[in-house]
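Asks: Following this message is one structure expressed as structure tokens.
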Amino acid sequence: MANLDIKIGKLQLKNPVMTASGTFGYGTEYSDFMDISRIGGIIVKGTTLRDRQGNQYPRMAETPSGMLNAVGLQNKGVDYFINHIYPTLKDIDTNILVNLSGSTIEDYVEAAERLNELEKIPGIELNISCPNVKEGGMAFGTSCLSAAQVVREVRRVYKNDMMVKLSPNVTDISEIALAVEAEGADSVSLINTLLGMAINAETRKPYLSTITGGLSGPAVKPVALRMVWQVANAVKIPVVGMGGIMNTADAIEFILAGASAIQIGTANFIDPTITGKVIDGIDDYLNRHGYSSINDIIGAMEV
Amino acid sequence: MLDLIVKKNEALNNQYSLLVLTSPDKLPEMLPGQFAEVRVDNSPSTFLRRPISINYVDYEANELWLLVQIVGEGTRKMCELKVGEVVNLLFPLGNSFTLPESKDAKLLLVGGGVGIAPLLFWGSYLKERGYKCNFLLGGRSKDNLLQLCEFEQFGDVYTTTEDGTHGEKGFVTQHSLLQGSNFDYVYTCGPTPMMKAVAAYAAKTEAICEVSLENTMACGFGTCLCCVTDTIKGHVCVCTEGPVFNITKLKWQI
Ligand SMILES: Cc1cc2nc3c(=O)[nH]c(=O)nc-3n(C[C@H](O)[C@H](O)[C@H](O)COP(=O)(O)OP(=O)(O)OC[C@H]3O[C@@H](n4cnc5c(N)ncnc54)[C@H](O)[C@@H]3O)c2cc1C
Ligand SMILES: Cc1cc2nc3c(=O)[nH]c(=O)nc-3n(C[C@H](O)[C@H](O)[C@H](O)COP(=O)(O)O)c2cc1C
Ligand code: FES
């Protein structure tokens, strides 16, 4: 057994494998398939201050080696989370983080204040990168100024760990990463989905009700890996990498590129036990290559 | 999540196959209306699993039947599976049809195209429990009418085809069966326009009506929120709160 413990900002994870927001429900949906307390961290689905119905159906289209989604942050709001979901999660022995989104800075701040009160939620993932909502979301994450502003305001009220989730839909992602680091982000996670679209040639109609949506899955992996490498080279805070991770080798690539931990998203839909397999796979990799700790391979790409 | 073995894969015609799966272990209990998420291996263009209804379960022979219509790469690959090959399934998923209150209730099960798939299992389940079923099955032409012999074992079968090659000519809702008699329960699965017409008939005749929806899905177990339908409770997932819905819960204009 190699040592898989890893510190990400203020979080202490038992292994570097987390689940990506919006792909793992509240975690409990996966309890039928595996022991979810094995996972290093679970990021629950996108939560907003108030209840959101999300976008109209259709919200999904499969594309080569990936999928487009346009869920649009459907959730019952932060109070519902606190009163109804939190009690079912608080005794699970892993780090449960809430992915927080908003359409105004005030919304982010108000929801973050409420989450700050939850003893068993060690952190939030501040989502400034959702491409599927009309206002807010990605708009905050695509300029240094607005990204810095929302992080600064939330930092004022939120005392636990704050991971900031970055959008790949920008010219230079390291600039944004540096901007949020300067405002007190404890870590950054990337990438959120890439803006894309698909049209049904036969009917001449778009596949998604919103026309555009967010691309995820193996199709985005090379782009995600490049961005993780760029950001890891730019910032001092830990980087959490994701985008198309389907297996152990993919996860190792992200760690070698500089990620201290990884998140698995779309792959959970195809194999709901994938996180356990990747945890075991990373351990096996470290043993095979004679490393004693996960820390030994972070950013260890040999050029 | 289970690896099942292909016991038989029979092309019913050039569009449809009956895939019979088995396992060395006892198959889990399944309910009519539920579905499986089938992983399609060795296909670069088929990334997500494909939802397929449970067509029939033979617990004695330890068989799970899937009726597959070829519409794209995923369903084509399923129809090409060879005997002895392994297929990975997540199942059983979703809810099921609701048993009528009384055994004397007059039941109508209406299927169109590949939408007949869950109705065979439902019909067998009802018959086993002493209910009497009427099946009304429709298709574009006689090639789209499937498993008629199987359906006949579980109740009376009526058919329509748009081209008149089998049964009455026209749509299911034009069948003479619906003119004279009224039903207490109507269950339907098929193309949305057909289900809407059936639901309108049920509403008019004050029958209780359940429809089985086929929204596109990414996960099949309630985590991606891609498969929603609009209901009186707002957007709900078809994969967990459905696929079977009472029409009074749906916001359908009928
Ligand atoms: C709960 C449920 C039960 C189902 N039961 C059955 C069944 O018993 N037998 C069966 O053959 N099929 C069934 N389907 C439909 C089946 O899942 C799709 O036909 C299949 O996913 C298409 O995959 P493909 O790779 O062959 O086609 P793709 O290449 O993915 O698509 C080909 C064409 O089919 C359309 N299509 C894809 N998915 C759907 C869908 N869910 N509904 C309508 N059109 C679609 C696409 O828009 C495209 O035009 C069911 C679907 C659901 C949600
Ligand atoms: C259906 C779906 C819903 C998602 N919802 C959210 C969300 O609510 N908040 C968020 O920050 N990211 C969301 N994401 C993005 C993922 O967390 C992840 O960043 C992205 O999918 C890339 O990783 P992957 O390729 O492993 O899926 C969603 C992705 C998918 C596919
Ligand atoms: S298909 Fe994922 S929630 Fe229904």
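Asks: Give me the aspartates and glutamates in straight-line cross-link reach of A:K236: C-alpha distance below 15 Å, same-chain residues under 8 apart excluded.
Replies: By straight Cα distance, A:K236 reaches A:E175, A:E181, A:E183, A:D186.
Asks: Can I ask one more? Taking just the alpha-carbon atoms of chain B, what radius of gyration and Dmax come out, in angstrom?
Replies: Using the Cα atoms of chain B, the pair Rg, Dmax is 17.5, 52 Å.
Asks: Sticking with this structure for a sec: Just to be sure I understand the model, the point goes 7 Å from the Cα along the line to the Cβ. What's the resulting A:S37 to B:K103 distance in nm?
Replies: Distance between the two pseudo-spin positions: 4.8 nm.
Asks: Still on this structure, please answer the following. Please work out how much length the chain gains when fully extended from B:K8 to B:S23, using 0.36 nm per residue of separation minus the C-alpha to C-alpha distance, in nm with one decimal.
Replies: Value of the extension gain: 4.1 nm.
Asks: For a test of the definition: using alpha carbon positions, the gyration tensor, and the 1.5 limit on a/c, classify region A:1-137 as rounded, prolate or oblate.
Replies: Verdict is oblate for region A:1-137.
Asks: So which GluC sites (Glu not before Pro) in region A:1-109 pass both tests, a DSSP loop state and at most 16 other Cβ atoms within 10 Å of the Cβ?
Replies: Passing sites in region A:1-109 do not exist.
Asks: Sticking with this structure for a sec: Cut-off 10 angstrom, C-alpha nodes, Gaussian network model of chain B. Which of B:H166, B:H235, B:H175 fluctuates the most?
Replies: Fluctuation is largest for B:H235.
Asks: Something else: Starting from the amide H of B:G138, placed 1.01 Å from N in the peptide plane, find each other amide H under 5 Å away whose residue is 5 or more places distant or on another chain.
Replies: Residues meeting the amide H criterion: B:G111, B:G112, B:G113, B:T160.
Asks: Cα convex hull of region B:29-140: how many Å³ per residue?
Replies: Spread over its residues, the Cα hull of region B:29-140 gives 109 Å³ apiece.
Asks: Looking at region A:32-191, what % of its DSSP beta bridges pair antiparallel, to the nearest 5?
Replies: The antiparallel fraction comes to roughly 25 percent.
Asks: Could you order A:E125, A:E253, B:E128, A:E175 so the one with the most accessible surface comes first? Probe is 1.4 Å.
Replies: Accessible-area ranking of A:E125, A:E253, B:E128, A:E175, largest first: B:E128, A:E175, A:E253, A:E125.
Asks: For a quick check: with amide H placed at 1.01 Å from N, whose amide H comes under 5 Å from A:G265's, ignoring anything fewer than 5 positions away on the same chain?
Replies: A:A20, A:G243, A:G244, A:I245
Asks: To the nearest 10 square angstrom, what accessible area does A:D51 show with a 1.4 Å probe?
Replies: In the full protein context, A:D51 sits at about 90 Å².
Asks: Picking from A:L190, A:L73, A:L118, which is most flexible by a Gaussian network model of chain A using Cα springs under 10 Å?
Replies: A:L118
Asks: Can you pull the mean other chain C-beta count within 10 Å for peptide A:291-297?
Replies: Mean partner shielding for this stretch: 0.
Asks: Would you mind checking which residues have amide H under 5 Å from A:A198's amide H? H placed 1.01 Å from N; only 5 or more apart, or other chain.
Replies: Amide H neighbours of A:A198: A:Y207, A:L208.
Asks: Which residue, A:N268, A:N83, A:N247, has the most motion in a Gaussian network model of chain A that connects Cα atoms within less than 10 Å?
Replies: The residue with the greatest mean-square fluctuation here is A:N83.
Asks: Still on this structure, please answer the following. Quick one, can you get me the convex hull of the C-alpha atoms of region B:107-212 expressed as volume per residue in Å³?
Replies: 83
Asks: Okay, next question. Given N residues in region B:99-139, what is its alpha carbon radius of gyration divided by 2.2 N^0.38 Å?
Replies: Cα-based Rg divided by the globular estimate yields 1.14.
Asks: Can you run phi through the Karplus equation (6.51, -1.76, 1.60; θ = phi - 60°) for region B:144-157 and list ³J(HN,Hα) in whole Hz, with x for Gly and Pro?
Replies: 8, 9, 10, 6, 4, 4, 5, 4, 4, 5, 10, x, 7, 10
Asks: Same structure again: Once every DSSP H run of n ≥ 4 in chain A is given -39500 (n - 2.57) and the sum is divided by its residues, what mean residue ellipticity at 222 nm do you get, rounded to the nearest 500 deg cm²/dmol?
Replies: Helix contribution divided over all residues of chain A: -8000 deg cm²/dmol.
Asks: Which trypsin sites (Lys or Arg not before Pro) from region B:5-34 combine a DSSP loop assignment with at most 13 other Cβ atoms within 10 Å?
Replies: Taking region B:5-34 and a limit of 13 other Cβ atoms within 10 Å, the loop trypsin sites (Lys or Arg not before Pro) found are B:K26.
Asks: Another question, then. How much of the DSSP beta bridge set in the protein assembly as shown is antiparallel, as a percent to the nearest 5?
Replies: Beta bridges within the protein assembly as shown, antiparallel portion: roughly 50 percent.
Asks: Roughly how many Å² is the accessible area per residue of the protein assembly as shown, as a whole number, for a 1.4 Å probe?
Replies: 40
Asks: Working from the pairwise distances between different alpha carbons, so that the mean of 1/r is found and then inverted, what is region A:44-100's Kirkwood radius in Å?
Replies: Over region A:44-100, the inverse of the mean reciprocal pair distance is 13.0 Å.
Asks: Through the Karplus equation 6.51 cos²θ - 1.76 cosθ + 1.60, θ set to phi - 60°, convert the phi angles of region B:77-94 into ³J(HN,Hα) values in whole Hz; use x for Gly and Pro.
Replies: Karplus values, whole Hz, x for Gly and Pro: 4, 5, 6, 8, 4, 9, 3, x, 6, 9, 10, 9, 10, 9, 6, x, 10, x.
Asks: Here is a further query. Taking each pair of different alpha-carbon atoms in chain A once, compute 1/r for the pair, average those values, and report the inverse of that mean as the Kirkwood hydrodynamic radius in Å to one decimal.
Replies: 19.0
Asks: Hand me the GluC sites (Glu not before Pro) from region B:148-230 located in a DSSP loop with no more than 11 other Cβ atoms within 10 Å, in residue order please.
Replies: B:E206
Asks: In vacuum, with every alpha carbon of region B:14-89 counted as one equal point scatterer, what does the Debye formula give for log10 I(q)/I(0) at q = 0.13, 0.16, 0.19 Å⁻¹? Two decimals, please.
Replies: -0.37, -0.57, -0.80
Asks: Moving on. Please report, in cubic angstrom per residue, the volume enclosed by the convex hull of the alpha-carbon atoms of the protein assembly as shown.
Replies: Expressed per residue, the convex hull around the Cα atoms of the protein assembly as shown is 157 Å³.
Asks: May I pose another question? Tally the DSSP beta bridges in chain A and give the antiparallel ones as a percent, rounded to 5.
Replies: 40
Asks: To the nearest 10 square angstrom, what accessible area does A:E113 show with a 1.4 Å probe?
Replies: Approximately 90 Å² for this residue.
The values are calculated or read from the model by the stated rules, or taken from the named source; none is laboratory data. What you see is a predicted model, and the numbers here were worked out from it, not measured in a lab. Neighbour counts run over all protein chains shown; Cβ positions are idealised from the backbone, glycine included. Heads up: the accessible areas ignore ligands, DNA and RNA and are worked out on the full protein's heavy atoms, side chains in. Shrake-Rupley method; radii C 1.70, N 1.55, O 1.52, S 1.80 Å.
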